[in-house]
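Below is one structure, written out as structure tokens; the observations come after it.
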Amino acid sequence: DGLARLLEKWLPPAPKVPRPTKKIYGVDEVRAAIANGELINFYQPKVALATGRVVGVETLVRWRHPADGLVFPDQFIGVAEEHGLIGDLTRAVLYAALAQAKDWQEAGLELRVAVNVSMDNLTSLEFSGLVTGLVAAAGVAPQKIVLEVTESRLMGDLRTPLEILTRLRLKRFGLSIDDFGTGHSSLVQLRDIPFNQLKIDQSFVHGAHANETIRAIYLASIGLAKQLGMEVVGEGVEDLADWDFLRQTGCDLAQGYFIARPMPAADLPSWMAEWKAPGAG
Ligand code: C2E
Ligand code: CA
Ligand code: CA
Ligand code: CA
């Protein structure tokens with residue numbers, strides 16, 4: 001039973017509720033949703049752990065489906081990536097996020113706005129011109145925009161993505177490596193692409209304080225990012241223990257349900273007015 005105890009931490013906990021099977025939408029429906037403007041952006045705050053201040057938001061797309069209600073990205077992003085729709089989707093999300101960033105700027109809210117970019121967006125050099133053009137037209141400084149890059153499947157040649165991201169970094173866009181430690185968000189990308197922010201995946205954040213293995217991966221990721229001079233974001237901060245642990249271990253920014261769920265843009269100012277970081281006065 002020594003071995004059983006040893007293995008215990010490797011065994012996944014039994015699921016609390018049976019997971020409902022998720023409907024994955026068809027390509028024609030997703031194409032129409034983009035064309036009809038049914039996608040809307042939600043925004044989730046990111047807080048500086050040292051000061052408790054809200055310093056930015058992540059843009060998370062939702063689909064306001066006429067019949068099914070609010071649909072989450074895992075039910076249509078994969079389809080968009082596989083069927084060549086991710087270019088249109090990213091453009092729509094970015095366009096709306098930039099208009100929102102401009103509104104907040106004019107309202108005196110100092111927020112960096114992050115937008116998710118799929119590796120499938122990075123297959124043609126035109127992407128850097130598109131992004132630069134949209135940002136200039138919106139009247140937003142590139143320093144205010146963070147591109148969170150996720151690699152959901154294995155990519156072949158990294159030369160084109162590398163060139164696009166390097167061009168954008170030279171224009172002062174923030175570049176964040178998303179879901180670090182999972183999928184294909186890897187050391188190769190860290191070596192070859194000038195990221196200035198690292199987002200530790202939520203599976204290495206939530207509960208890191210209580211689990212030796214998770215903690216080791218979390219601490220190694222922070223150490224790596226710090227040695228590379230990168231800003232670190234911990235996502236999946238779900239409770240006070242997560243928050244305290246991140247703060248004690250020198251993580252720069254925190255994001256998660258403990259702080260706030262993703263919300264419509266209109267809800268953000270009142271949420272910010274109410275927000276009080278734990279431990280702050
Ligand atoms: P992500 O980029 O890793 O975004 C974080 C996800 O974790 C979001 O799910 C967010 O709602 C959720 N989350 C935030 N805090 C917590 C927490 O404390 N606990 C837990 N368990 N989850 C938390 P969401 O909005 O369903 O998005 C899922 C994924 O879909 C995103 O993962 C991203 O990869 C993709 N995605 C979302 N919007 C876009 C987009 O505009 N373009 C692209 N290409 N992908 C997007
Ligand atoms: Ca992200
Ligand atoms: Ca992530
Ligand atoms: Ca993710």
For this session: Check every one of the helices (runs of 4 or more DSSP H) wholly within the range 101-192 and list those with 3 or more residues that are within 23 Å of S221 (Cα to Cα).
Result: 159-170, 187-192
Seminar exercise, completed: Counting only residues that are touching a residue at least 40 places away in the same chain (Cβ under 8 Å), open to solvent by less than 60 Å² (accessible area, probe 1.4 Å) and within 21 Å of E82 (Cα to Cα), the range 134-177 contains a total of 4
For this session: Would you confirm whether any residue within the range 100-120 is small (G, A, S), within 16 Å of ligand 3 (Cβ to nearest atom) and open to solvent by 40 Å² or more (accessible area, probe 1.4 Å)?
Result: no
Problem set entry | Close pairs (7 angstrom Cβ cut-off, 6 or more residues apart or separate chains): farther than 18 Å from A114 by Cβ in the range 238-254, surrounded by fewer than 17 Cβ atoms within 10 Å (Cβ to Cβ) and not hydroxyl-bearing (S, T, Y) anywhere | L240/P278; W243/P278; T249/L219
Problem set entry | Answer from P278, P262, P194 - the residue that is surrounded by fewer than 21 Cβ atoms within 10 Å (Cβ to Cβ) and within 14 Å of ligand 3 (Cβ to nearest atom) | P262
For this session: Please enumerate the residues belonging to the range 185-213 that are more than 16 Å from ligand 2 (Cβ to nearest atom) and closer than 20 Å to L49 by Cα.
Result: G207, A208, H209, A210
Exercise. Taking the range 154-179 as the search range and keeping residues that are over 16 Å from A114 (Cα atoms) and within 16 Å of ligand 1 (Cβ to nearest atom), which one is modelled with the lowest pLDDT?
Worked result: M155
Seminar exercise, completed: Filter the range 201-215 for residues that are in contact (Cβ under 8 Å) with a residue 40 or more places away in the chain and buried (at least 18 other Cβ atoms within 10 Å of the Cβ); the one that is farthest from ligand 1 (Cβ to nearest atom) is V205
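The values are calculated or read from the model by the stated rules, or taken from the named source; none is laboratory data. Keep in mind the model is a prediction, meaning the values are calculated, not measured. Ideal geometry is used to build each Cβ from the backbone, glycine not excepted, and the neighbour counts take in all protein chains shown. Only protein heavy atoms, including side chains, enter the accessible area calculation; ligands, DNA and RNA are left aside. Shrake-Rupley method; radii C 1.70, N 1.55, O 1.52, S 1.80 Å.
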